[in-house]
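The values are calculated or read from the model by the stated rules, or taken from the named source; none is laboratory data. No experiment lies behind these values; they were computed from the predicted model shown. In this analysis, Cβ positions are derived from the backbone assuming ideal geometry, glycine residues included, and neighbour counts consider all displayed protein chains. Keep in mind that these areas ignore ligands, DNA and RNA; they rest on the heavy atoms of the full protein, side chains included. Shrake-Rupley method; radii C 1.70, N 1.55, O 1.52, S 1.80 Å.
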Amino acid sequence: MTAAKLQHIPQLVRQQYVAAIEAGDAFFFESDVRIVRGQNVQRPVPWQIRIVPALLKKPKAPVSAEEEVRPKQNQVDVFAPPYVPNLLVKELDDFTVLLNKYCVLPHHYLLVTRDFVSQEKPPSPSMLALVYSMITSHTPSSDGAELLGFFNCGPNSGASQPHCHFQLVELTPSENATKAVPIEHMLDTQSAPDEDKEEILGLAVPWRHFVARLEPPSDPEKLENYFGKRFSHLLEAMFSLALEKNDENKGRPNFNVLLTRHFMHLIPRRNETFDMKEAGWEEYGPGGHPPKYTGTLSINALGYAGLLLTRHASELDALYASSNDERIVQVLTHTGVPL
């Protein structure tokens, strides 16, 4: 599918989002954001810590007599038909575009496979090419907002549904930031003329984080083959290093993918969660907080993009306690694979 045919999807997403929120078929959770500047002097990351208390208890829409006869979401597979009409954006040949039912960021939507494919399998070249076309067909707004695509693969990645799905969110640069995706402040957007186009880049972080610079062909017919090769190079780098280090997780599909206009990221994962109390953070020591707020953070691909989610003020305060990114780095190193 060409970029021209995808240009109307952002408009459809916005229309369906308004309808779904008004009908109670989707829910938006208000959040507060705290910015933590990274310690990298040359390229500091403006990490975003977001607190969403409403996620402690997701609401349910009231059921009326009229709603009893409306199509219900598939209870066995929420990404399979019958689709809730207000959550359905567009049906494509092999994929379906759906709104995310629970949104922390407005207009959060999904590209799901029409037929069931396990989320524990890597995204296909056709899926990567389609997501990239959606990203590049999205016109950046005056405030610099861009689309980020992300994929959680495997039980330790933060994946919440078994049906294969790529997620897309619109991000806006935080105050004094130059890029919408925080982690990409560590990367130069423009490549040097003599740079190896096949090179796999690394970031100055203490966990494994593989990056491929994207300079895809202009011919849309060649896009799928291009992304198949670039993604294969990332997988090869990840698995070859796992064999070299004799990792416990070698061969197991646990990783996150980030996809932007200029880069594709692959981050292998070791743990889904980080326990603040187990880490010895005194805010969550003996008698620190009621048992309900355990201080357990769940990290998915957005965490490695530079956006971390907390559900309680004490969790945000504990993560922010150092006033720099020391604790964020500790969390992401624990849930990722240390160097």
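Summary of values
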{"item": "Cβ charges +1 (Lys, Arg) and -1 (Asp, Glu), total dipole of the chain, debye", "result": "440"}
{"item": "Reference-scaled alpha-carbon Rg (2.2 N^0.38 Å with N residues) for the chain", "result": "0.99"}
{"item": "Per residue accessible area of the chain, 1.4 Å probe, in Å²", "result": "48"}
{"item": "Greater than 27 Å apart at Cα, pairs in 197/222; 101/229; 121/179; 90/222; 101/121", "result": "101/229; 121/179"}
{"item": "Gaussian network model of the chain, springs between alpha carbon atoms under 10 Å - residue of 223, 309, 92 with greatest fluctuation", "result": "92"}
{"item": "All aspartates and glutamates inside 14 Å of residue 72 as judged from Cα atoms, apart from same-chain residues fewer than 8 positions distant", "result": "25"}
{"item": "Accessible surface of the chain [probe 1.4 Å, protein heavy atoms]: carbon and sulfur percent", "result": "50"}
{"item": "Rounded to the nearest 20 debye, dipole of the stretch 171-236 from Cβ charges on Lys, Arg, Asp, Glu", "result": "240"}
{"item": "Three-way shape call for the stretch 205-245 based on the alpha-carbon gyration tensor, with the a/c threshold at 1.5", "result": "oblate"}
{"item": "Accessible surface of residue 83 - all protein chains present, 1.4 Å probe, nearest 10 Å²", "result": "30"}
{"item": "Under the span-like rule (Cα at least 15 Å along the axis, Kyte-Doolittle mean at least -0.5), DSSP H helices of the chain", "result": "9-23, 125-137, 223-245"}
